[in-house]
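The values are calculated or read from the model by the stated rules, or taken from the named source; none is laboratory data. Worth saying up front: this structure is predicted, and the values here are computed from it rather than measured. In this analysis, Cβ positions are derived from the backbone assuming ideal geometry, glycine residues included, and neighbour counts consider all displayed protein chains.
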Amino acid sequence: MAINNLKEKLAKNLISRSAEDIAAEKWRSENWHWLGKSGDIAMNVMDALDDYGWNQKQLAAKLGVSPQQVSKIVKGHENLTLSTICKLEEVLGIALITIPDYTVQTEQLVSDNFHRNFDLDIDLWFQSISETQEKSSELFLSLEEVVPAYSEPPKNKKPAKKKIHEVAGESNYALAA
Amino acid sequence: MKIVPIFADEQIPKGLFAICLNPNEIPTPNEYDKFIKWVYDNQNLRSFFKEREHLLKKNPYFPNTIKDAVKRTFAEMRLLEQHLKPSKYNSLADLCNFLNDNFKALDNQSNYGGELQPSKTRGPNNNCWIRIYAIRVNSEMFIVTGGAIKLVLEMNEDDIVDHERRKLLRVRDYLKQEGMYDAETYKEIILNL
């Protein structure tokens with residue numbers, strides 16, 4: 001009786017979820033594997049913009065793209081091509097991607113991917129955080145090394161920020177040049 | 001205000017719903033999707049953490065950098081979102097069990113706060129700083145009113161979190177006014193306590 005009453009009252013107040021929101025959820029789930037990396041690039045781009053005192057419009061002009069595209073880049077929603085990444089590296093003078101040597105050991109690669117992409121079973125990740133340090137050793141590296149964001153509190157020490165020219169020195173683009 | 005089914009069967013009714021504060025807007029926004037969209041935007045998160053660097057530094061789970069804080073938030077949101085999707089479960093009833101177990105009373109001290117209880121979830125992990133807020137209509141029906149990144153102990157210590165608290169109360173008043181509560185169920189709960 002009570003449920004029927006609730007159902008009737010709900011029916012009067014109900015509207016559908018928008019098609020845009022449903023599509024956005026589907027898009028996130030289908031593109032999750034690269035969204036983490038795009039987010040990392042976005043953060044570096046925004047740091048560089050702050051350092052130069054540029055706004056997104058100025059960056060768009062320098063890149064020769066629309067301000068809308070730059071907006072997508074800084075949101076971390078853009079599936080960037082290598083061409084765009086190289087252009088960003090050139091214009092901003094920063095390194096955005098580096099390719100590790102082929103000879104790097106498999107275990108290191110696994111832990112790198114774990115850290116960079118959150119592309120492993122995320123449940124396992126969180127589970128391991130709440131478990132003991134011994135448990136975390138199963139993930140090849142200590143949890144602190146793999147997921148610095150979850151280091152044991154308190155840890156308020158900030159690493160020194162790399163200067164742009166130092167980072168630029170490491171860029172693939174610079175090496176290629 | 002209106003109610004939007006997110007992962008729900010409105011015929012029973014059970015599952016996860018969300019409040020829509022501006023039903024006349026197109027496309028119709030709801031507070032669940034609005035919060036998720038806000039979180040999955042690096043620009044928003046970076047500004048949020050930059051503005052709250054003083055709170056972030058006091059937080060026991062503060063990572064080394066704002067970049068790490070953003071990454072952590074992404075991962076938390078992803079985990080929570082995965083746990084709220086019916087595709088993770090065999091049936092809607094299983095999702096409802098998860099909701100019932102994980103939406104706790106807003107006030108940590110109380111287990112049962114009466115009909116249309118303001119509730120929160122941080123998902124399956126207790127160390128999360130992300131919160132989704134909802135009104136618990138009964139053990140199977142939850143109406144999301146919003147979400148926040150809670151870096152402080154008390155909700156009133158940060159404007160953005162306090163805004164969510166006020167929103168919860170506003171939505172509860174609206175649901176009461178519309179008679180959207182399951183009085184019989186609550187009578188049973190009270191008798192069993």
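Side notes on the structure shown:
- Among the conditions (1) facing chain A (nearest Cβ under 8 Å); (2) crowded, with 23+ Cβ neighbours inside 10 Å; (3) in a helix (DSSP H, G or I), B:Y32 misses just one, which is (1).
Matching residues to (1) surrounded by fewer than 20 Cβ atoms within 10 Å (Cβ to Cβ); (2) within 9 Å of another protein chain (Cβ to nearest Cβ); (3) not acidic (D, E):
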{"site": "A:N44", "(1), (2), (3)": "yes, yes, yes"}
{"site": "A:L49", "(1), (2), (3)": "yes, no, yes"}
{"site": "A:G53", "(1), (2), (3)": "yes, no, yes"}
{"site": "A:K57", "(1), (2), (3)": "yes, no, yes"}
{"site": "A:A60", "(1), (2), (3)": "yes, no, yes"}
{"site": "A:S66", "(1), (2), (3)": "yes, no, yes"}
{"site": "A:V70", "(1), (2), (3)": "no, no, yes"}
{"site": "A:K75", "(1), (2), (3)": "yes, yes, yes"}
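- When residues of the range B:9-29 are limited to those that are more than 19 Å from B:P118 (Cα to Cα) and more than 9 Å from every other protein chain (Cβ to nearest Cβ), the one surrounded by the fewest Cβ atoms within 10 Å (Cβ to Cβ): B:N24
- Some residue of the range A:16-24 being touching a strand residue (DSSP E or B) at 6+ places or on another chain (Cβ under 8 Å) and either farther than 21 Å from B:N44 by Cβ or more than 7 Å from every other protein chain (Cβ to nearest Cβ) (or both): yes
- Among residues of the range B:126-152 that are closer than 15 Å to B:P5 by Cβ, those with a Cβ under 6 angstrom from a residue that is part of a loop (DSSP other than H, G, I, E, B), sequence gap 6+ or separate chain, pair up as B:A134/B:F103; B:I135/B:L116; B:V137/B:D182; B:M141/B:P13; B:F142/B:F103.
- Across the range A:57-76, the number of residues qualifying as of a type in the set (D, E, K, R) and farther than 19 Å from A:G39 by Cβ comes to 2.
- A single entry from B:K50, B:K57 fulfils the requirement of being more than 15 Å from B:G147 (Cα to Cα), over 19 Å from the mean Cα position of the chain (by Cα) and at pLDDT 90 or above: B:K50.
- Test for B:A18: is it within 28 Å of A:W34 (Cβ to Cβ) and at pLDDT 95 or above: yes
- Options A:D21, A:D51; residue that is assigned to a helix (DSSP H, G or I) and more than 26 Å from B:E25 (Cβ to Cβ): A:D51
- Verdict on A:V74 being under 20 Å from B:K37 (Cβ atoms) and hydrophobic (A, V, I, L, M, F, W, C): yes
- The residues in the range B:60-69 that are at pLDDT below 80 and not hydroxyl-bearing (S, T, Y) can be counted, and the count is 4.
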